[in-house]
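Here is the structure we will look at, set down as structure tokens.
What follows is calculated from the coordinates using simple rules that are stated; it is not laboratory data. Owing to the predicted nature of the structure, the values given are computational and were not obtained by experimental measurement. Using ideal geometry, Cβ is built from the backbone for each residue, glycine included, and neighbour counts are taken over all protein chains shown.
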Amino acid sequence: MNKAVVMNVKKLYKSFGGNHILKGIGLTLHQGENLGIVGKSGIGKSVLIKCIVRLIEPDSGEVDVLGTNVLECNSNELNEIRKKVGYLFQGGALYDSMSVRENLFFPIRRTQFKDKKLDTEELIEQSLRSVGLLDAVDKMPSELSGGMKKRVALARTLILKPEIILYDEPTTGLDAVTSGEISELILKIREEYNTASIIITHDMKCARIATDNIKIMDDGIFRIEGTYDELSNTEEKEIRDFFI
Ligand SMILES: Nc1ncnc2c1ncn2[C@@H]1O[C@H](COP(=O)(O)OP(=O)(O)OP(=O)(O)O)[C@@H](O)[C@H]1O
Ligand SMILES: [Mg+2]
């Protein structure tokens, strides 16, 4: 049986002045799928996922997320969608003046999130346990390594029990071993939270470990899609070069 579609993006356009970034791009994400997006720096990968949750307003196109028409919905509906779509920002972006606990509490307070079974402290514990960092709850971000910060940022995303996660460069700045661990963690999170994800990455090890399919973005659209093995063995040198 075909898996349900959880996100459908069609003919999305976005320009900044005369700088045309998205030129009718589209994608479909299925329940349980981890979709990789690869492309040159500055090509518009981050702009694309920001447009999907309207952190940037696209110029035109269609975005359907979990049955909601995102570009037409009102602010209440948009807030509901943003609760269901976790966003792991490029760079992690923890609040440096807040402890790990306070960082994790922040989205709960902002969205007035309530879980049927767990109180706030238990939610914080659960999401830190999911990323293997339970003992960091009282630490400040300055006391954490780069890999630990990524894990806490991921825990902060998980705390609202998202149905979809958008990962923007989840392994940049990490050594190969730690980046492998984060990539494995992305797979574990999918099992545990039953999520579908978009994973933007330059890190081909991450793409190999964590994705089912990869789309290559170029000049405002997706040029080609395939599995890691398919794309790394393609005849097209320009595509293969990403996989070196
Ligand atoms: N808010 C903005 N205002 C104006 N231009 C922007 C804005 N956000 C992004 N851009 C431009 O859009 C283009 C694509 O940026 P984007 O951040 O999506 O690239 P990227 O593919 O994510 O690159 P990287 O791999 O380096 O993260 C760049 O030229 C950037 O300068
Ligand atoms: Mg980017």
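Assorted remarks:
- Strands (runs of 3 or more DSSP E) lying entirely in the stretch 2-77 (those with 2 or more residues that are farther than 23 Å from D203 by Cβ): 5-16, 19-30, 60-65
- C206 passes every criterion in (1) among the hydrophobic types (A, V, I, L, M, F, W, C); (2) within 16 Å of ligand 1 (Cβ to nearest atom); (3) touching a Leu at 6+ places or on another chain (Cβ under 8 Å); (4) part of a helix (DSSP H, G or I) apart from (3).
- Screening Y87 on (1) closer than 30 Å to C51 by Cβ; (2) more than 19 Å from the chain's Cα centre (by Cα); (3) hydroxyl-bearing (S, T, Y) shows it passes everything except condition (2).
- N233 vs. criteria surrounded by fewer than 15 Cβ atoms within 10 Å (Cβ to Cβ) and touching a Phe, Trp or Tyr at 6+ places or on another chain (Cβ under 9 Å): yes
- Residue match in the stretch 86-94 (condition: away from ligand 1 (no atom under 16 Å from the Cβ) and either surrounded by 14 or more Cβ atoms within 10 Å (Cβ to Cβ) or assigned to a loop (DSSP other than H, G, I, E, B) (or both)): yes
- I189 part of a strand (DSSP E or B), in contact (Cβ under 8 Å) with a residue 12 or more places away in the chain and surrounded by 21 or more Cβ atoms within 10 Å (Cβ to Cβ): no
- Residues of the stretch 8-49 that turn out to be closer than 18 Å to L88 by Cβ and without any contact (Cβ under 8 Å) to a residue 12 or more places away in the chain, as a count: 0
- Single residue of G24, G17, G36, G42 found to be under 17 Å from the mean Cα position of the chain (by Cα), of a type outside the set (A, V, I, L, M) and farther than 16 Å from V85 by Cβ: G36
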